[in-house]
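One structure is given below, encoded as structure tokens.
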Amino acid sequence: MKKYSEHINYLKRKSTIPESRYFEFKDEKNELFNGLYRFYQANLERQHKHYKFEISPAYVYFIDSSDLNALASPPKDGIFLLGISRGLIELFDTKLNRYFDISDYAGIEGIQQIQDCVTNSIGELMYQTLTHFTFYHELGHLIEFSQSNRKEEIEEKLSGNYKDFNYEDHIKEADADLFASICVGTHLYQYFENYFECEWTEELITCYLSILSSSIFTYFLSFNEYHDGLYFEQKSHPHPLVRLFYSLEVIVDYFVKVLKKKNVNYDLDQQQIMIQTFKISQVMISKFFDDKKFQDFQQIIFENNTEILKYKNKLIDDVSSMATSAVNERNRKITKMECKIS
Ligand SMILES: [Zn+2]
């Protein structure tokens, strides 16, 4: 694999996106960005080889911006590009990898128990879940591009103007989220199966999933600058709560399914996981963003449960009939051994 600096020089020659967008680090030994570049570039190549997704060649790069953002570019120059902002990586690396303090989460039941069962820090696992979700969500958009003629880039930063709503975009975002959820769910299960050193119980699995789902919820909330309440047919992306509902459903269903194959029959309570997810996310958001207030999501759900479920189900139904869906493309390409998203 090319060195990151050579890789960026190559992209500057091949692509018409503005050169100023590329983040170039001076220190060739920058472990954080070099490590991520190598991991995700290899992953892109493996996705292409293993699943035969028609996204070759595809390249990952970092966007030179302190904003939290990610971008997927269609192959108008003959290459697929997946960009993650420097700001997103730096913020979560600082807060979760470098300065994670489990005592901030002292009020959360079970978190210390989970920490005692794994050798990695919980913060590190949260960080990985968040960056993986970011990556796989954009990969989902690249696969959507491979099935369509779309020419415009997709950006994750939430746009809130009235004209920014287009229901088709909500379906594409839901598709990329569902695709990311199954990919991240697979990682979470593999880690759990290989590195979890305690006896499996329903309580521990529930707690493990709540901790890592809170990273995904924080990812949804971190693009949301508008602090306003629940909405449905508005803005560029579905509301974070709607996104959490369908993502959690995919991950919990996946765990139940793979555990059943091991003759472990657990009925994981999605609602309990969600409540625990809110508690953990509340701590995360308060530690990460000075100016973000955490809404009472439990109350919002209590008051709007029917509408949230209705919109969530409508999106899932429309993803399943979407011709250019990454989820459907994955379901067509996977082998019988792997789990379909139903
Ligand atoms: Zn997206």
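The values are calculated or read from the model by the stated rules, or taken from the named source; none is laboratory data. All of these numbers come straight from a predicted model, not from anything done at the bench. Don't worry about glycine lacking a Cβ; one is built from the backbone with ideal geometry, like all the others, and counts go over all protein chains shown.
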Being more than 16 Å from the ligand (Cβ to nearest atom) and either out of contact with any helix residue (DSSP H, G or I) (no Cβ under 8 Å at 6 or more places or on another chain) or without any contact (Cβ under 8 Å) to a residue 24 or more places away in the chain (or both) narrows it down to one residue among D93, D64, D77, D101; which is it? D101
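If I filter region 221-229 for residues that are assigned to a helix (DSSP H, G or I), closer than 24 Å to K279 by Cα and modelled with pLDDT under 95, do I get at least one hit? Before you say what the answer is, go through the steps one by one.
In the first step, residues of region 221-229 are kept if they are assigned to a helix (DSSP H, G or I); the result is 221-222.
Next, from what is left, pick out any that are closer than 24 Å to K279 by Cα: 221-222.
Of the ones still in play, those that are also modelled with pLDDT under 95 are 221-222.
Within region 221-229, one or more residues are assigned to a helix (DSSP H, G or I), closer than 24 Å to K279 by Cα and modelled with pLDDT under 95.
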Just a yes or no: is a residue in region 274-292 loosely packed, with under 14 Cβ neighbours inside 10 Å, free of Cβ contacts under 8 Å to residues at least 60 places away in the same chain, more than 25 Å from F135 (Cα to Cα) and not hydrophobic (A, V, I, L, M, F, W, C)? yes
The lone condition D27 fails out of (1) part of a loop (DSSP other than H, G, I, E, B); (2) surrounded by 16 or more Cβ atoms within 10 Å (Cβ to Cβ) is (2)
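Against the condition farther than 28 Å from T306 by Cβ and assigned to a loop (DSSP other than H, G, I, E, B), how does S159 come out, does it pass? Before you say what the answer is, go through the steps one by one.
Working: farther than 28 Å from T306 by Cβ: no; assigned to a loop (DSSP other than H, G, I, E, B): yes.
No.
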Is at least one residue of region 255-271 surrounded by 20 or more Cβ atoms within 10 Å (Cβ to Cβ) and of a type in the set (D, E)? no
Which pairs turn up if I take residues in region 145-171 that are within 19 Å of G87 (Cα to Cα) and look for partners that are assigned to a helix (DSSP H, G or I) with beta carbon separation below 7 Å, at least 6 apart in sequence or on another chain? I154/H141
Criterion first (crowded, with 17+ Cβ neighbours inside 10 Å, touching a residue at least 40 places away in the same chain (Cβ under 8 Å), within 19 Å of the chain's Cα centre (by Cα) and under 23 Å from K2 (Cβ atoms)) does A58 satisfy it? yes
Filter pass, I108 being surrounded by 17 or more Cβ atoms within 10 Å (Cβ to Cβ) and in a loop (DSSP other than H, G, I, E, B): yes
Filter region 150-180 down to residues that are within 13 Å of the ligand (Cβ to nearest atom), small (G, A, S) and surrounded by fewer than 18 Cβ atoms within 10 Å (Cβ to Cβ), then give me how many there are. 1
Here the residues within region 1-44 that are among the charged types (D, E, K, R), closer than 30 Å to K333 by Cβ and touching a residue at least 12 places away in the same chain (Cβ under 8 Å) are K14, R38
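Give me the helices (runs of 4 or more DSSP H) completely within region 238-342, filtered to those with at least 1 residues that are farther than 24 Å from H137 by Cα and of a type in the set (F, W, Y), ordered by residue number. Can you show your working first?
Numbers: elements: 240-261, 270-288, 297-320, 326-333.
Of the helices (runs of 4 or more DSSP H) lying wholly inside region 238-342, those with at least 1 residues that are farther than 24 Å from H137 by Cα and of a type in the set (F, W, Y) span 297-320.
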